[in-house]
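The values are calculated or read from the model by the stated rules, or taken from the named source; none is laboratory data. Computed from a prediction, not measured in an experiment: that's the story for all the values here. We place every Cβ from the backbone using ideal geometry, glycine too, and count neighbours over all the protein chains shown.
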Amino acid sequence: MTHRSFTEDLWSSIKGIFDSILTHPFVKGLVDGSLEEERFKFYVIQDNLYLSEYARTLSLAAAKAPLDKWFLAFNEHAKLALVVERALHDSFFRGWGLSEEQLRSTPMMPTNLAYTSYLKVVAITEPFYEVVAALLPCYWVYWEVGKELERRGSKNPLYQKWIETYSSKEFGSICGVVVEITDELSKNLTQEQKEGMKKHFTTASRYEYMFWDASYRMERWPI
């Protein structure tokens, strides 16, 4: 009988969260084209703001990495977040006629600020293995969503472009690196330490759901 890897256990533990993501009207709307473009625009702008902070968190993780190969991986991923994923966003912004000034002046929605603040606190205060667990859902959830939506395809060319980015082999390879790091880290940890990783993996996965939900609601500060 083949023993399941630690990351397989992690993924199984968030099955309910992931199923809720796939059935959320934002994600379903990407496929059937029912998602209003204003909601998608709101999401892309917020995701652009998110990536700026996420990239900085990746660099904080890199600084804690005990191995050079992990240090290099997370610093490279920080660069990719700002260059490759931002390039996708920029193509959308040009089509919408949004200027850099407009983007900079847009405040983070509450859920976005809460998620990025949580990640940065973990990156600063917690051991490297817990930092990796908190960062992993942003990679893995998007990869799995991308693959699932690619099988269905989208009736909207704009949404299909988004789907193709996150279902690509290139993005899958990036995700795979962090999955491998997570499994390698778990080999020398106690059960209590693994539970600490699971806690952060679950929390970040919940935030992934909340980010799409808040984008669908076009969440704004109430005051």
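Quick one: count up the residues across the stretch 8-50 that are closer than 24 Å to Gly97 by Cα, touching a Pro at 6+ places or on another chain (Cβ under 8 Å) and crowded, with 19+ Cβ neighbours inside 10 Å. Don't jump to the end; show me each part of the working.
At the first step, the residues of the stretch 8-50 found to be closer than 24 Å to Gly97 by Cα are 26, 29-30, 33-50.
Narrowing the set further to residues that are touching a Pro at 6+ places or on another chain (Cβ under 8 Å) leaves 34-35.
After this cut, where a residue has to be crowded, with 19+ Cβ neighbours inside 10 Å as well, the list is 35.
Counting residues in the stretch 8-50 that are closer than 24 Å to Gly97 by Cα, touching a Pro at 6+ places or on another chain (Cβ under 8 Å) and crowded, with 19+ Cβ neighbours inside 10 Å gives 1.
For the stretch 5-107, please list each of the helices (runs of 4 or more DSSP H) lying entirely inside it that holds at least 1 residues being under 18 Å from Phe201 (Cα atoms). Explain how you work it out, then say what you get.
Values: elements: 6-13, 15-22, 25-32, 37-64, 68-80, 86-96, 100-104.
Ranges flagged: 6-13, 15-22, 37-64, 68-80.
Would you mind telling me which numbered condition in (1) under 16 Å from the mean Cα position of the chain (by Cα); (2) not in a helix (DSSP H, G or I) Tyr142 fails?
(2)
Restricting the search to the stretch 145-171, which residues are in a helix (DSSP H, G or I), more than 10 Å from Val31 (Cβ to Cβ) and of a type in the set (S, T, N, Q)?
Within the stretch 145-171, Thr165 is the sole residue that qualifies.
Among the residues of the stretch 30-45, how many are under 11 Å from Lys155 (Cβ atoms) and acidic (Asp, Glu)?
First pass over the stretch 30-45, keeping only residues under 11 Å from Lys155 (Cβ atoms): 30-35.
Cutting the leftovers down to acidic (Asp, Glu) gives us 32.
Result for the stretch 30-45: 1.
Taking into account only those residues within the stretch 115-141 that are farther than 17 Å from Ser52 by Cα and aromatic (Phe, Trp, Tyr), which is surrounded by the fewest Cβ atoms within 10 Å (Cβ to Cβ)?
The selected residue is Phe128.
Looking at Pro66, Pro127, Pro137, which one is touching a Lys or Arg at 6+ places or on another chain (Cβ under 8 Å) and either modelled with pLDDT of 95 or more or among the polar types (S, T, N, Q) (or both)?
Working: Pro66 fails: touching a Lys or Arg at 6+ places or on another chain (Cβ under 8 Å); Pro137 fails: touching a Lys or Arg at 6+ places or on another chain (Cβ under 8 Å).
Going through Pro66, Pro127, Pro137 in turn, just one is touching a Lys or Arg at 6+ places or on another chain (Cβ under 8 Å) and either modelled with pLDDT of 95 or more or among the polar types (S, T, N, Q) (or both): Pro127.
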